[in-house]
Amino acid sequence: LVFFMIRLAPGGPFDRERTVSEDVLKNLNAYYHLDEPLYAQYFRYLGGLLKGDLGPSFKNAGYSVNELILLGFPVSLELGFYALLVALALGLTAGVMASLKPNTIRDYAPMSFAMLGICVPNFVLGPLLVLVFALWLRWLPVAWWEGPSYKILPALTLGASYAAYIA
């Protein structure tokens, strides 16, 4: 469904690039098989998926989508590992604290933070953490992926909601 909906939208993958002549656009469409009928494009796409080939990248000439995914995979894997550690550490600590003293402030406080962690989406929590810990307090860096301190905010952002569910 998404395959067909994207192709029904106005414009094409080369409309945002600099203006090219009609011949160049025709060659680009032929190279990427966009000049074929929609059903042929779809079956070509499905055939590629069955072989694990996601096709060429429209944005990065000379790269396939598989190559671009493989370039970012090690960083994503590392970030996922750190987020899992954060989720387990915070979630288990909060859950154990709450279970030791039921129906007291030691139960309600961590569970209130857990409920907050479930309700606040990552795209809201991330900028808030950057604002407080990177810009106001200047304890952590805002961006990049160079050392241990650079990994704290992204791991905390991604691990917080899972920590809430674990708690």
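Please go through (1) part of a loop (DSSP other than H, G, I, E, B); (2) under 30 Å from N29 (Cβ atoms) for E67 and return the number of the only condition it doesn't satisfy.
Result: E67 fails condition (1) only.
Quick check, is N122 open to solvent by 40 Å² or more (accessible area, probe 1.4 Å), on the phi > 0 side of the Ramachandran plot and not hydroxyl-bearing (S, T, Y)? Break it down into steps so the answer makes sense when it comes.
Numbers: open to solvent by 40 Å² or more (accessible area, probe 1.4 Å): yes; on the phi > 0 side of the Ramachandran plot: no; not hydroxyl-bearing (S, T, Y): yes.
Spelling it out, it is not the case that N122 is open to solvent by 40 Å² or more (accessible area, probe 1.4 Å), on the phi > 0 side of the Ramachandran plot and not hydroxyl-bearing (S, T, Y).
Quick one: Y162 ticks every box in (1) closer than 22 Å to L77 by Cβ; (2) free of Cβ contacts under 8 Å to residues at least 40 places away in the same chain; (3) not acidic (D, E) bar one, so which box is it?
Only one criterion in (1) closer than 22 Å to L77 by Cβ; (2) free of Cβ contacts under 8 Å to residues at least 40 places away in the same chain; (3) not acidic (D, E) is unmet by Y162, namely (2).
For L25, state whether it is in a helix (DSSP H, G or I) and within 30 Å of G147 (Cα to Cα). Before the answer, list the steps.
Details: in a helix (DSSP H, G or I): yes; within 30 Å of G147 (Cα to Cα): no.
Criteria not met by L25.
Scanning the range 45-56 for residues that are part of a helix (DSSP H, G or I) and closer than 18 Å to M5 by Cβ, which turns out most open to solvent (accessible area, probe 1.4 Å)? Before you say what the answer is, go through the steps one by one.
Here is the first cut: in the range 45-56, the residues part of a helix (DSSP H, G or I) are 45-50.
When the remaining residues are screened for being closer than 18 Å to M5 by Cβ, the result is 45-46, 49.
Numbers: Y45: 94, L46: 59, L49: 70 Å².
Ranking the candidates gives Y45 first.
Please specify each residue of the range 157-167 satisfying the condition of being open to solvent by less than 50 Å² (accessible area, probe 1.4 Å) and under 17 Å from P127 (Cβ atoms). Even if it seems obvious, please write down each step before you answer.
Within the range 157-167, the first condition is being open to solvent by less than 50 Å² (accessible area, probe 1.4 Å), and the residues that meet it are 157, 159-161, 163-164, 167.
Result: T157, G159, A160, S161.
Taking the range 28-39 as the search range and keeping residues that are open to solvent by less than 60 Å² (accessible area, probe 1.4 Å), part of a helix (DSSP H, G or I) and of a type in the set (A, V, I, L, M), which one is modelled with the highest pLDDT?
Of the range 28-39, the ones open to solvent by less than 60 Å² (accessible area, probe 1.4 Å) are 28-30, 32, 34, 36.
Checking which are part of a helix (DSSP H, G or I) leaves us with 28-30.
So of that shortlist, the ones also of a type in the set (A, V, I, L, M) come out as 28, 30.
Values: L28: 86, A30: 91.
Once the filter is applied, the top-ranked residue is A30.
Matching residues to (1) of a type outside the set (D, E, K, R); (2) touching a residue at least 24 places away in the same chain (Cβ under 8 Å); (3) touching a strand residue (DSSP E or B) at 6+ places or on another chain (Cβ under 7 Å); (4) open to solvent by 50 Å² or more (accessible area, probe 1.4 Å):
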| residue | (1), (2), (3), (4) |
| --- | --- |
| L90 | yes, yes, no, yes |
| K101 | no, no, no, yes |
| R106 | no, no, no, yes |
| P110 | yes, yes, no, no |
| L128 | yes, no, no, yes |
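Out of all the residues in the range 67-77, is one or more open to solvent by less than 60 Å² (accessible area, probe 1.4 Å) and touching a residue at least 12 places away in the same chain (Cβ under 8 Å)?
There is no residue in the range 67-77 that is open to solvent by less than 60 Å² (accessible area, probe 1.4 Å) and touching a residue at least 12 places away in the same chain (Cβ under 8 Å).
Can you give me the number of residues within the range 28-41 that are within 14 Å of P13 (Cβ to Cβ) and not aromatic (F, W, Y)? Outline the logic, then answer.
Filtering the range 28-41 down to residues within 14 Å of P13 (Cβ to Cβ) leaves 28-35, 41.
Among the residues that remain, those that are also not aromatic (F, W, Y) are: 28-30, 33-35, 41.
The total comes to 7.
The values are calculated or read from the model by the stated rules, or taken from the named source; none is laboratory data. Predicted, not measured: the structure shown is a model, and the values here were computed from it. Because the Cβ atoms are built from the backbone with ideal geometry, glycine has one as well, and the counts that use them run over all protein chains shown. Side chains are part of the model used for accessible areas, which takes the heavy atoms of the whole protein and leaves out ligands, DNA and RNA. Shrake-Rupley method; radii C 1.70, N 1.55, O 1.52, S 1.80 Å.
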